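Reading through the structure tokens given below for one structure.
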Protein chains: 2
Amino acid sequence: MSPVDESFFARDFPTFVSHLECGLEGDHYPADELHGLSKAGRPLLVRYNLEAVAASLDKQALTQRPAELWRYRELLPVRRSANIARLGEITTPLIETATFAAGSGRVWVKDEGRLPTGSFKARGLCMAVSMAKELGVKRIAMPTNGNAGAALAAYASSVGIEAFIFCPEDTPEVNVREIELQGAKVWRVNGLIHDCGKLVGQGKEPMQWFDLSTLKEPYRIEGKKTMGLELAEQFGWELPDVILYPTGGGTGLIGMWKAFQELQQMGWVTGKLPRMIAVQAEGCAPMVKAFEENQQHAEVWENASTVAAGIRVPAAVGDFLILRAVRESNGFACAVSDDLIIKAQKEAAQKTGVLICPEGAATLAAYQQEIASGRIDKQESAVLFNCATGLKYPMPEANRSLDRHAPIDWEAMRL
Amino acid sequence: MSPVDESFFARDFPTFVSHLECGLEGDHYPADELHGLSKAGRPLLVRYNLEAVAASLDKQALTQRPAELWRYRELLPVRRSANIARLGEITTPLIETATFAAGSGRVWVKDEGRLPTGSFKARGLCMAVSMAKELGVKRIAMPTNGNAGAALAAYASSVGIEAFIFCPEDTPEVNVREIELQGAKVWRVNGLIHDCGKLVGQGKEPMQWFDLSTLKEPYRIEGKKTMGLELAEQFGWELPDVILYPTGGGTGLIGMWKAFQELQQMGWVTGKLPRMIAVQAEGCAPMVKAFEENQQHAEVWENASTVAAGIRVPAAVGDFLILRAVRESNGFACAVSDDLIIKAQKEAAQKTGVLICPEGAATLAAYQQEIASGRIDKQESAVLFNCATGLKYPMPEANRSLDRHAPIDWEAMRL
């Protein structure tokens with residue numbers, strides 16, 4: 001009377017982390033120690049002995065493991081199974097949306113809203129919290145626009161780590177409430193996300209907390225990397241032509257590209273890698289501007305504003321990693337209008353029954369826009385990332401009502 | 001460049017439905033025809049040639065199939081793969097909540113909130129809509145308190161069936177909106193769920209729609225049955241001691257019990273079957289009353305009221321099937337107070353990071369209450385069904401705020 005996948009989580013696995021490496025300068029840092037940013041103030045990337053991974057793991061063995069992200073254990077940083085923070089990180093479904101295919105190229109939505117706390121933030125945070133536990137952290141702090149905070153709260157509570165979370169004052173009520181309900185301490189701050197980030201920095205000394213801001217520690221990328229590993233396995237190790245990803249901080253895009261490169265080095269993926277398309281909103285498109293101006297870093301976007309709040313990120317500490325992935329993959333960065341985002345969300349729900357969030361809708365809008373522009377070919381297969389359940393976001397009003405005591409005009413119902 | 005599980009959905013499978021059978025009288029009805037209730041006005045149960053299923057399928061083959069409910073294809077009624085309405089019906093995770101274990105008996109939450117549209121209603125509705133498509137239905141109507149309507153809307157839109165949905169006027173705004181956004185026509189009705197049901201009945205002639213009310217067609221049970229099939233497989237075909245299920249219409253409890261009996265007849269499950277515990281709210285507990293008074297049917301519960309709206313069902317057409325399953329399994333029916341439900345929801349979120357809905361919380365409250373009463377033993381392993389994501393429900397306010405311009409009292413943050 002115990003779940004069959006339990007033996008997988010009961011045993012330890014050999015781990016293959018060799019060191020950490022500054023994403024910009026390339027200098028090395030030892031694993032198994034607590035790290036924030038590199039000396040250059042840039043994100044640290046986790047490096048593995050990929051030859052040894054390839055020798056120790058085979059594709060067939062993977063199919064026998066639990067359908068959750070921990071199956072890729074040899075490519076993840078956690079050493080002791082006992083440190084894993086687990087709330088059911090299931091393999092997210094690929095839903096084909098044939099109605100949006102422009103030509104022979106097929107289109108799928110990867111529905112990340114099925115993860116714990118309803119968003120892809122769970123991938124990064126389960127990994128970061130597991131590593132924090134492994135490295136002895138007792139208290140964590142983070143600024144958040146919402147979904148990341150909810151994921152941190154849930155995972156921290158599940159392993160008994162104290163979490164302090166700071167949100168901009170316009171953070172949706174649902175997010176602040178779920179953070180608190182899931183056991184974290186959460187504050188609304190009269191400012192924006194970077195003001196919240198500053199508070200986390202100021203509190204480091206007096207509160208002795210660990211700063212879990214996006215890309216300011218090395219392990220959220222490793223969690224997000226599993227989107228790429230999962231996609232590769234779901235597609236039989238032959239990847240789709242383009243991946244459209246809603247890009248704010250960009251951890252997922254960076255992580256997926258890292259996954260594809262690791263798989264390539266292991267010889268598990270041999271064909272062409274997907275073109276990575278960073279999708280932003282017209283009201284906040286620093287990566288698009290930097291991409292078009294051929295810059296390595298992006299300028300801060302002033303007066304950022306979009307209905308897709310999750311990609312309202314005026315400055316990303318990993319900007320150069322996003323731009324590098326987009327360029328290396330022969331992809332591009334593009335921006336869509338809020339009108340198109342809203343239209344795409346409605347269209348997806350009504351025509352396919354898939355309720356995506358505004359950020360997910362931005363990828364559908366971008367697919368449609370760039371098919372029209374010719375930058376995506378009608379023959380290319382495409383994966384659109386829906387990063388969170390649409391249920392967390394405002395929906396249009398529904399106004400029909402019926403008086404059951406009055407005579408009913410049945411025919412009028414069809415209108 | 002196509003998903004590896006595609007071949008599974010591309011081919012047809014032999015199907016094993018022999019006939020339909022009245023749940024009360026036992027008289028037979030032919031399969032492959034559109035049916036509502038039996039002649040006796042009771043739910044129809046789908047019967048299979050289980051010997052043939054056992055001969056054609058083995059447990060090892062299952063492990064190679066997609067981790068979604070369609071893997072149990074031989075025990076499901078859909079004949080043509082092309083008729084399957086699919087939105088990613090993934091195997092839902094079992095999350096161990098060790099903190100709630102009272103003794104050596106372990107406790108898991110089965111998190112049904114990960115299914116399409118965020119609730120277990122997806123299981124029943126994907127099956128009912130697929131069968132409606134298979135049997136040529138073009139228009140469907142249904143009364144709903146919310147989650148079932150959302151699932152119907154999504155699946156109907158995904159296969160191009162028109163859906164008409166009627167909600168009591170106090171249905172939460174989020175549900176009415178998601179129904180409409182997902183492409184159905186939805187009305188608020190000045191009445192309760194049975195008034196909505198009457199409208200669906202009245203519209204049958206003029207609107208020529210098919211009535212998809214709970215248990216008024218045979219296939220929603222078959223969908224819900226997959227909860228039992230999945231649990232059995234997840235536990236290695238050796239089931240937990242008790243299953244606590246939030247019981248309104250009871251389709252899931254009936255379906256799970258049917259699954260366990262089918263697996264037993266196939267010889268796939270040999271040990272003791274779980275005790276089925278029907279959990280209701282004190283403000284609406286018709287099954288508990290009927291169970292305690294040793295009745296076969298339940299009286300209508302007057303002035304039903306509970307914070308767990310999903311189990312606010314004063315009269316269930318399948319009452320005798322619920323009571324039969326509870327009794328045959330040596331289980332019981334019990335009621336919990338709204339106070340305990342609210343307390344349990346908060347406790348689960350704060351201590352384990354699992355955000356369950358009020359109906360799911362009722363099962364945790366019942367577990368705690370019946371451990372105390374001795375009706376559940378501390379050595380018994382238990383599965384609690386969380387039937388929907390907690391995100392669809394109101395959460396308590398979170399009131400902390402911080403002025404970033406004022407001096408910060410760090411120590412006070414810990415309080």
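Odds and ends about this structure:
So that you can scan it fast, the table gives a plain yes or no per residue for (1) closer than 24 Å to residue B:309 by Cα; (2) charged (D, E, K, R); (3) at pLDDT 95 or above:
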{"position": "B:184", "(1), (2), (3)": "yes, no, yes"}
{"position": "B:187", "(1), (2), (3)": "yes, no, yes"}
{"position": "B:210", "(1), (2), (3)": "no, no, yes"}
{"position": "B:215", "(1), (2), (3)": "yes, no, no"}
{"position": "B:229", "(1), (2), (3)": "no, no, yes"}
{"position": "B:237", "(1), (2), (3)": "no, no, yes"}
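Residue-wise test of (1) under 22 Å from residue B:158 (Cα atoms); (2) more than 14 Å from every other protein chain (Cβ to nearest Cβ); (3) surrounded by fewer than 17 Cβ atoms within 10 Å (Cβ to Cβ).
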| site | (1), (2), (3) |
| --- | --- |
| A:309 | no, yes, no |
| A:326 | no, yes, no |
| A:332 | no, yes, no |
| A:360 | yes, no, no |
| A:373 | no, yes, yes |
| A:395 | yes, no, no |
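- You will find that of A:398, A:316, the residue that is outside the structural domain of residue A:260 (by TED's automatic domain parsing) and within 30 Å of residue A:179 (Cβ to Cβ) is A:398 and no other.
- Of all residues making up the stretch B:1-24, the number that are part of a loop (DSSP other than H, G, I, E, B) and either in contact with an Asp or Glu (Cβ under 9 Å, 6 or more places away or on another chain) or closer than 26 Å to residue A:273 by Cα (or both): 9
- Remark: pairs (first residue in the stretch A:195-209, in contact (Cβ under 8 Å) with a residue 40 or more places away in the chain; second residue assigned to a helix (DSSP H, G or I); Cβ separation under 8 Å; 6+ apart in sequence or on different chains) = A:203/B:410; A:203/B:413; A:207/B:410; A:207/B:413; A:209/A:200.
- Selection of the stretch A:45-64 for residues being basic (Lys, Arg) and either surrounded by 19 or more Cβ atoms within 10 Å (Cβ to Cβ) or farther than 26 Å from residue A:324 by Cα (or both) yields only A:59.
- The stretch B:311-324 - residue that is out of contact with any Pro (no Cβ under 8 Å at 6 or more places or on another chain) and more than 27 Å from residue B:396 (Cα to Cα) and, of those, surrounded by the most Cβ atoms within 10 Å (Cβ to Cβ): B:322
- Where residue A:61 falls short, out of the listed (1) within 22 Å of residue B:4 (Cβ to Cβ); (2) touching a residue at least 24 places away in the same chain (Cβ under 8 Å): (2)
- Of all residues in the stretch B:192-218 being within 14 Å of chain A (Cβ to nearest Cβ) and assigned to a loop (DSSP other than H, G, I, E, B), the one that is surrounded by the fewest Cβ atoms within 10 Å (Cβ to Cβ): B:208
- Residue in the stretch A:242-257 that is in a loop (DSSP other than H, G, I, E, B) and more than 26 Å from residue A:174 (Cα to Cα) present: no
- Any helices (runs of 4 or more DSSP H) falling wholly within the stretch A:317-404 and containing at least 1 residues that are more than 20 Å from residue A:227 (Cβ to Cβ), out of contact with any His (no Cβ under 6 Å at 6 or more places or on another chain) and not charged (D, E, K, R): A:338-352, A:358-373
One line per residue, one yes/no per condition, for (1) surrounded by fewer than 17 Cβ atoms within 10 Å (Cβ to Cβ); (2) within 14 Å of another protein chain (Cβ to nearest Cβ); (3) aromatic (Phe, Trp, Tyr); (4) touching a residue at least 24 places away in the same chain (Cβ under 8 Å):
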residue	(1), (2), (3), (4)
A:7	yes, yes, no, no
A:11	yes, no, no, yes
A:16	no, no, yes, yes
A:22	no, no, no, no
A:28	yes, no, no, no
A:43	no, no, no, yes
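- Residue B:163 satisfies every condition listed in (1) more than 9 Å from every other protein chain (Cβ to nearest Cβ); (2) part of a helix (DSSP H, G or I); (3) crowded, with 24+ Cβ neighbours inside 10 Å except (2).
- For the stretch A:166-191, filtered to residues that are among the β-branched types (Val, Ile, Thr) and assigned to a helix (DSSP H, G or I), the residue that is nearest to residue A:124 (Cα to Cα) is A:179.
- Restricting B:61, B:31 to residues that are among the aliphatic types (A, V, I, L, M) and either assigned to a loop (DSSP other than H, G, I, E, B) or assigned by TED's automatic domain parsing to the domain that holds residue B:261 (or both) narrows the list to B:31.
- Search result, residues across the stretch B:109-135 that are part of a helix (DSSP H, G or I), out of contact with any helix residue (DSSP H, G or I) (no Cβ under 6 Å at 6 or more places or on another chain) and farther than 18 Å from residue B:311 by Cβ: B:132
- Selection from the stretch A:71-116 of residues that are within 13 Å of another protein chain (Cβ to nearest Cβ), out of contact with any strand residue (DSSP E or B) (no Cβ under 9 Å at 6 or more places or on another chain) and among the hydroxyl-bearing types (Ser, Thr, Tyr): A:104
- Cβ-Cβ under 6 Å pairs, at least 6 apart or on other chains, the stretch B:238-250 side closer than 19 Å to residue B:375 by Cβ and more than 7 Å from chain A (Cβ to nearest Cβ), far side of a type in the set (Asp, Glu) and crowded, with 24+ Cβ neighbours inside 10 Å: B:246/B:359
The values are calculated or read from the model by the stated rules, or taken from the named source; none is laboratory data. Please read all numbers here as calculations on a predicted model, not as lab measurements. Heads up, the Cβs are rebuilt from the backbone with ideal geometry, glycines too, and the neighbour counts pull from every protein chain shown.
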